[in-house]
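Here is the structure we will look at, set down as C-alpha cells.
Rule-based calculations on the coordinates, nothing more; no lab input. These numbers come from a predicted model, not from an experiment. Positions of Cβ are backbone-derived with ideal geometry, glycine not excepted, and every protein chain shown enters the neighbour counts.
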Amino acid sequence: MAAHRWCCGRRCGRSRHRPASTPPSRASNCSHHELGAEVTVSDPKALDNARKTCPELDFVADPVIAVQDADLLLHLTEWPQFSLVDPRRLAAGVSAPNVIDGRGTLDPVAWREAGWNFRALGCP
C-alpha cells in the first residue's frame, strides 16, 4: 500500500496547524501497518519526523517511487505534485491499480481511463 501524505501540523514539521493530536492520515497509515499491510509513505515535508514517529513504515520523497508494487494508493493530500502525477505513469509500477482519493483532488475520469479502480469520498 502506498500513501501520498503523512500528516499535517507542527509535530510533523509543517507550518499548518491542526488541533487533533494524531492527524488522520498518520493514524491510518500506522493502523494499516499494524493490520499487516506493507506501507510506503510519500510526504517530502514530513519524512524526517514521520520516520521518528513510525519507523516501521517505508518512506520515500518521490510519489512515483512510493507506488511501486503497491496494491492500493491512498491519496491524502491536495498538493499539486501528487494530484498532477500522470495516472498512466503510476499504473505502470503498481501491482494492482486501486486508488482511494481521500481529498477529492484527483480527476476520476482520467484515473479510470488510465485503468485504475477509482474510489473517492462523495464520488460514484
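Rounded to the nearest 0.05, what FRET efficiency do residue 98 and residue 48 have when you use their Cβ-Cβ distance and R0 = 25 Å? Walk me through the numbers on the way to the answer.
Numbers: r = 29 Å, r/R0 = 1.16.
Once the sixth-power term is evaluated, E becomes 0.30.
Enumerate the calculated ³J(HN,Hα) couplings along region 62-75 in order (Karplus 6.51 cos²θ - 1.76 cosθ + 1.60, θ = phi - 60°), each rounded to whole Hz, writing x wherever the residue is Gly or Pro.
With coefficients 6.51, -1.76 and 1.60, one gets 8, x, 6, 5, 4, 8, 4, 6, 6, 8, 8, 10, 9, 9 Hz.
Using alpha-carbon positions, what is the distance between the centroids of region 71-108 and region 39-61, in Å?
Comparing the Cα centres of region 71-108 and region 39-61, I get a distance of 18 Å.
How large are Rg and Dmax for region 41-84 when calculated on the C-alpha trace, in angstrom?
10.5, 29
How far apart, in nanometres, would the label points at residue 109 and residue 123 be if each is projected 7 angstrom from Cα along the Cα-to-Cβ direction?
With each label placed 7 Å out from Cα toward Cβ, I get 1.2 nm.
Looking at region 64-113, what % of the alpha carbon pairs are farther apart than 13 Å?
Here the long-distance tail beyond 13 Å is 53 percent of all Cα pairs in region 64-113.
Mind giving me the nanometre distance, one decimal, between the label points for residue 69 and residue 56, set 7 Å out from Cα along Cα→Cβ?
Going by the 7 Å Cα→Cβ label model, 1.9 nm.
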